[in-house]
Amino acid sequence: MTFQVFLQHLTNGMSLGSLYALIAIGYTMVYGILRLINFAHGDIFMIATYVAFYAVVLLGMQLWWIAFPIAIIFTYLFGRLVEKAAYRPLRNSPRISVLISAIGVSFLIENLAIVVFGGRPKAFPIPPMFNKVFNISGVSIVSINFFIPVITVALLIGLVYFINKTKTGMAMRAVSKDYEASRLMAIDVDKIISLTFGIGSVLAAVGGIMWGLKFPKLEPLMGLMPGLKCFIAAVVGGIGDIRGAVLGGFILGLGEIMLVALLPELTGYRDAFAFVLLIVILLIKPTGLMGQKLSEKV
Amino acid sequence: MKKERILLNIGAILGFIILLFIFNKTFDSYQMKILNLCGIYIVLGLSMNLINGFTGLFSLGHAGFMAVGAYTAGLLTMSPAMKEMNFFMKPIIPFLAKVEWPFLPALLMAGVVTAFVGFLIGSPVLKLKDDYLAIATLGFSEIIRVVFVNIQSVTNGALGLKGLPTHTNIWWSWGTAMITIVFMVFLMKSSYGRAFKAIREDEIAAEAMGISLFKHKVMSFTMGAFFAGVGGALLGNLLGTIDPNMFRFVLTFNILLIVVLGGIGSITGTTISAVIVTVAMEVLRVLDETINLGFVQIKGIPGMRMVIFSLLLMIVILFYQQGLLGTNEFSWDWFSKIKGFKKTPKKEVKQ
């Protein structure tokens, strides 16, 4: 493998890794606050992509800069709706019920999507500015592969600022540390949880739209695999920790691309890579690379 | 009293066998297929209930276990000539090319192989809890599927196996179901069953009482895998065709639906809901197809059926968490209650 080919794979890996990171943050935020896998996260991602598709079809290709924000706002509301319908009623129930509810709502969204959008794959419209190919000393970069890491980093900086510096962000951190104490401190816990879902959904929406621009094929079940993989990314990095989610996302994205690049005979096992990584990490360091040990309350 | 119960039980089983005999004579092949599926789903539902309901380990690996069982039984029962026809892309490994086993040993072998796989997966994974366990088992089930797509010389890859001998009939499926039910009833009454339930209720307390958590968890997981493998084998030999894509997460979801609907931790509940769900799955197929009433056509919406099932799961888990029976089990006392005379009321320990 020449150095140029390596760089080519590296750019691909970076953009895939950024996408994973963006979606993984949504998982990690919800897990940090509710101690729950939001199984529906991948489906929220799918819904965002479909809404963006329909918005672009309705408004026309030139107005994509209106269409995409519409999709993001819709997804924000949708994420909060999912929380209200499927998770809030079960706040004091056993964990197994909440998990089943999470799986149930994920299935419901998928099947509704099949009914509403149809099962046949659709082609995502790509505005020309995302589709240009640059050639930098033999490494060809599609402009979307350049935009993805940039947008991810920008969103990440915004998010970290929001969580660490604003009052709402502080409330979020408080809720993730201790439910009851934050309630006593006059924090509206339900509102904060709902907001967390909203923010996670916004990140999923941005990730979904960029995913659509990178892999322009829409299917109702398209959220399933990225959803699982991003959850794995979150676990690998240490769930509940935003830096961990980003790290995990990059490890997974780069790992997948490099596995295929370096060992072409294992291409068929590409989807299994994430799961093998997950199991190895869970066995070696169950809290993930950056996670802290949680002591168990008796 | 005790003797009476045993007689009643034996009578009920005999009555049921006679009923099966009548069904066997009167039902057409489509209805028979559904009846067979009911029996198979009872086995699968019970095996998931053992792991998820009784031991409280949230495992989502059933599709993978079923795949292992179905492929094992399929490869063992297919005739050598059939195998040669199937494996035209890449020849089958010589070790499997010539074997042709009768159904019973193949079925048991499927269970044993799956139990072994379950044991291998379980021993590392069962250190994890709740969501982590769910994702890890789901991951393993996906890995099994991906591996099956890729090892062409054993599984024929994505093409799958066609022309499996359709050994599964009503006696096999319902026979296995009945054996599973009886086994589960006795298991749950044994000290192991009580240990499983103790682990479900409170791991720390159970450990403090001297129950080896790891041993019992692996045991429950392995037994569950055994029955899942047998269920998968029955399914494969009922349908006659298997391919890796059959064993996706949807299959696990269906079984989970059965367990939740019947009541997590109830043998009776799972048995009843397995029958209800399987029949409903077939009956509601109507929704996906266009109905022609002569003067008006009602357009069927493909996928509507699964929407209803996921809604059903949501409703049950949100508003009616105990499902059909909660953790209650069938007993003949039900009838005495209805009749109004109380025989020595047996104090049930609330679970």
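The values are calculated or read from the model by the stated rules, or taken from the named source; none is laboratory data. What you see is a predicted model, and the numbers here were worked out from it, not measured in a lab. Neighbour counts run over all protein chains shown; Cβ positions are idealised from the backbone, glycine included. When the accessible area is computed, the model is the full protein with side chains, heavy atoms only, and any ligands, DNA or RNA have been set aside. Shrake-Rupley method; radii C 1.70, N 1.55, O 1.52, S 1.80 Å.
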Self-check item: Summed buried accessible surface, chains A and B, 1.4 Å probe, nearest 100 Å²
Solution: 3600
Practice problem: Place a +1 charge on the Cβ of each Lys and Arg in the range A:93-183 and a -1 charge on the Cβ of each Asp and Glu, then give the dipole magnitude about the Cα centre in debye, rounded to the nearest 20. | Solution: 160
Quiz prompt | Backbone HN-Hα couplings from phi across the range A:14-28 [Karplus 6.51/-1.76/1.60, Hz, Gly and Pro as x] | solution = 5, 6, 5, x, 5, 4, 4, 4, 4, 6, 5, 4, x, 4, 5
Self-check item: Within 10 Å of each Cβ in B:302-310, the average number of Cβ atoms from other chains
Solution: 6
Exercise. Filter the DSSP H helices in chain B by two things, a Kyte-Doolittle mean of at least 1.6 and an axial alpha-carbon span of 27 angstrom or more, and list the hits by number.
Key: B:103-125
Quiz item: Quick one: length gained pulling B:L213 to B:E84 fully straight, 0.36 nm per residue minus the C-alpha distance?
Solution: 41.8 nm
Exercise. Go ahead and set up a Gaussian network model of chain A, Cα springs under 10 Å, then flag whichever of A:K217, A:K229, A:K167 fluctuates most.
Key: A:K167
Quiz item: If the cut-off is 16 Å between C-alpha atoms, which aspartates and glutamates fall inside it for A:K229, apart from same-chain ones fewer than 8 positions away?
Solution: A:D43, A:E256, A:D271, B:D131, B:E142
Self-check item: With Cα atoms, 0 to 90° folded angle of helix A:41-59 axis to chain A main axis
Solution: 60
Exercise. Evaluate peptide B:21-28: per residue, the Cβ atoms of other protein chains within 10 Å of its Cβ; return the mean as an integer.
Key: 0
Quiz item: Tell me, what is the per residue accessible area of the protein assembly as shown in Å², probe radius 1.4 Å?
Solution: 46
Self-check item: FRET efficiency, B:F335 to B:R194 (Cβ-Cβ, R0 25 Å, nearest 0.05)
Solution: 0.40
Quiz item: Based on the Cβ-Cβ distance from A:V280 to B:E203, what FRET efficiency comes out when R0 is 25 Å, to the nearest 0.05?
Solution: 0.50
Exercise. Determine the dipole magnitude for the range B:23-253: charges of +1 sit on the beta-carbon of Lys and Arg, -1 on that of Asp and Glu, nothing else is charged, the reference point is the Cα centre, and the result goes in debye to the nearest 20.
Key: 240
Quiz item: What do you reckon, how do B:Y192, A:Y50, B:Y320 stack up by accessible area (1.4 Å probe), largest on top?
Solution: B:Y320, B:Y192, A:Y50
Quiz item: Once the other residues with Cβ under 13 Å from the Cβ of A:Y20 are scored (Lys, Arg +1; Asp, Glu -1), what is the net sum?
Solution: +1
Quiz item: Where is the GNM fluctuation largest for chain B (alpha-carbon springs, 10 angstrom cutoff): B:S173, B:S273, B:S29?
Solution: B:S29
Quiz item: Of A:K122/A:K165; B:K2/B:K33; A:K84/B:K129, which ones are farther than 32 Å apart at the Cα?
Solution: A:K122/A:K165; B:K2/B:K33
Quiz item: For the charge dipole of the protein assembly as shown, defined by +1 on Lys and Arg C-beta atoms and -1 on Asp and Glu C-beta atoms about the Cα centroid, which residue among B:I204, A:F124, B:L251 has the Cα displaced farthest towards the positive pole?
Solution: B:I204
Self-check item: Rg/Rg_ref, the range B:187-325, where Rg_ref = 2.2 N^0.38 Å and atoms are Cα
Solution: 1.35
Quiz prompt | Shielding by other protein chains, B:316-328, mean Cβ within 10 Å | solution = 3
Practice problem: Quote the relative contact order of chain A in percent (integer), defining contacts as alpha-carbon pairs under 8 Å separated by 6+ residues. | Solution: 36
Quiz item: Of the accessible area of the range B:197-243, with the probe set at 1.4 angstrom, what percent is carbon plus sulfur?
Solution: 62
Quiz prompt | Candidates B:L96, B:L235, B:L19: whichever shows maximal mean-square fluctuation once chain B is modelled as a Gaussian network with Cα springs under 10 Å | solution = B:L19
